[in-house]
Amino acid sequence: MLARLHEEMAPWRIDAGKFSIEELRKKMSPPLEQLCARGNSLAAEGQAADASDDLNKIVMATERLHLKMRARVVKQKTEDPFEIGRYADSNPSTARERPSVEAVERPKTRGRLLVVDDDRINREMIGRRVRRMGFDVVVAEDGMAALEKIREQDFDLVLLDVMMPKLDGFATLDRVKSNPQWRDLPVIMLSALDDPDTTARCISAGAEDSVPKPFKSVVLRARIESALLKKKLLEQERRFLAQIQQEQAKSEALLLGILPAAVAARLKAGERDIVDEVPAATVLFADIVGFTKIATMLSPDETVMLMNEIFSTFDDLVEEQGMEKIKTIGDAYMVVAGVPEPVADHARRGARMAMAMQEAMQGFNEVNQLDWSIRIGIHCGPVMAGIIGSRKFAYDLWGDTVNLASRLESQGEARKIHVSSAMAEILEPDFHLTGRGIIEIRNRGDEIVFRLEGEK
């Protein structure tokens, strides 16, 4: 190569006007390309491990010479000489017909990389090597240009030079890592300062790795692939974490559909035998009058649809009144106030809930052109509450208060709200009540019953 240069650039040829840079390029390009290709091939195949350092220096020097020569002779304006083609000459059509070695060797793209270096020759040489590895390459001449390109485009990795004017590599890296949107973008620093302090500073600043110049292609490839693999694993971890969180949210929603929030929290905390004695609570039972006959007149789909509509309305009212739904039993609906968390106004909440349910039933009938009716029974007093079951568990209430509220509902009248005497005593200052009389309650005896007519 040196002999050919001396021959073509002999002083007598220059003085005689017989020297042509075009002719020199034509003669030098093929062997330069062969030398680059063979050197890279040997380094990649590991056939010359003992001479890898020398091969690396030869290939880099050859690439720099080739780039400088092509940049000198190519007339078209371009920022990237590789876009013009290896065989650019005075005949454009001939240049297009000759395929570039790089176009033949480049495999399917494996990602998009940003190469940042203030030296144009270095940018093009690094870009050329990275393209041979199968990556799309975008170049930037300094840190400010790199930040602008990162803002506008998506990249899988950044190769960032340390020593640059305006904004050096460390300042650029700091801005990348301080931005929440770019924080996970892997950055490999390229430095001519091959010392431990520089490497340590790069890593501590947030870079994935640091590669000294001049570098070996095989080393750079390994560092790039390692950083991209780490990025891929991190993305997979985040996707899995998001899926876990979604499934956890679904489980939480299902659990809260079965249990009160306070009880669910105790269950998740590890408590198993959850049983509470509540000294004062209000229990409400509601039942659709004549539902068995109604169900025989409708199709199963219609029956379930209508039941779901009215019970969903009741569920909304439960939240509005600050009560807790315990369960539905067929066409019966059971709620409680003051459980699992005690409240002082549990009786008033139960009364307002009963009146809201009657009003909701009227609206339901008007919308669906039906004549359904409910009867409601309410009683207040001490109850026991807890979880029953280990696999298909349920939160339930027990005690005389629950039994009496159920009897008041079952022996009540359509479209009426029946309350016990104990309940009436608490409600009397704020609600209108009328006497129903004495009713014989099964397994309990006579009970004075009142009708709840409305709020004063």
- Query: Going by the structure shown, is Val158 at pLDDT 90 or above and farther than 15 Å from Ala227 by Cβ?
  - Reply: no
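Please go through the stretch 222-276 and give me each residue that is on the phi > 0 side of the Ramachandran plot and in contact (Cβ under 8 Å) with a residue 12 or more places away in the chain, ordered by number.
Correct list: empty.
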Note to self: Quick check on the stretch 388-402. Is at least one of its residues over 22 Å from Asp276 (Cβ atoms) and either assigned to a helix (DSSP H, G or I) or of a type in the set (Asp, Glu) (or both)?
What the structure shows: no
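One line per residue, one yes/no per condition, for (1) surrounded by fewer than 18 Cβ atoms within 10 Å (Cβ to Cβ); (2) over 26 Å from the mean Cα position of the chain (by Cα); (3) at pLDDT below 90; (4) within 21 Å of Asn122 (Cα to Cα):
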position: Thr199; (1), (2), (3), (4): no, yes, yes, yes
position: Asp209; (1), (2), (3), (4): no, yes, yes, yes
position: Lys213; (1), (2), (3), (4): yes, yes, yes, yes
position: Leu220; (1), (2), (3), (4): no, yes, yes, yes
position: Glu237; (1), (2), (3), (4): yes, no, no, no
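Going by what's in this entry, would Met334 be described as assigned to a helix (DSSP H, G or I) and more than 38 Å from the chain's Cα centre (by Cα)?
no
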Note on Val283: of the conditions (1) closer than 30 Å to Ala422 by Cβ; (2) part of a helix (DSSP H, G or I); (3) of a type in the set (A, V, I, L, M, F, W, C), unmet is (2)
Within the stretch 266-282, identify whether any single residue is assigned by TED's automatic domain parsing to the domain that holds Met353, of a type outside the set (D, E, K, R) and under 22 Å from Ser410 (Cα atoms), and answer yes or no.
yes
The residue from Glu359, Glu366, Glu413, Glu428 that alone is modelled with pLDDT of 95 or more, among the acidic types (Asp, Glu) and surrounded by fewer than 19 Cβ atoms within 10 Å (Cβ to Cβ) is Glu359
For the stretch 53-60, indicate whether the set of residues that are assigned to a strand (DSSP E or B), modelled with pLDDT of 50 or more and under 30 Å from Leu185 (Cα atoms) is non-empty. no
Among the residues of the stretch 358-397, the number that are over 41 Å from the mean Cα position of the chain (by Cα) and under 23 Å from Gln321 (Cβ atoms) is 21
Residues in the stretch 160-169: is at least one without any contact (Cβ under 8 Å) to a residue 24 or more places away in the chain, at negative phi and assigned by TED's automatic domain parsing to the domain that holds Arg132?
no
Task: Flag for Ile441 being farther than 20 Å from Gln321 by Cα, touching a residue at least 24 places away in the same chain (Cβ under 8 Å), in contact with a helix residue (DSSP H, G or I) (Cβ under 7 Å, 6 or more places away or on another chain) and assigned by TED's automatic domain parsing to the domain that holds Phe291 - done: yes
Practice prompt. Return yes or no: is Glu309 among the charged types (D, E, K, R), in contact (Cβ under 8 Å) with a residue 40 or more places away in the chain, closer than 21 Å to Ser373 by Cβ and surrounded by fewer than 20 Cβ atoms within 10 Å (Cβ to Cβ)?
Written response: yes
* Taking Ala253, is it within 29 Å of the chain's Cα centre (by Cα), at pLDDT below 90 and assigned to a helix (DSSP H, G or I)? -> yes
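The values are calculated or read from the model by the stated rules, or taken from the named source; none is laboratory data. Every value quoted in this text rests on a predicted model; they were computed, and no experiment measured them. Every residue, glycine as well, gets a Cβ built from its backbone with ideal geometry; the counts of neighbours run over all protein chains shown.
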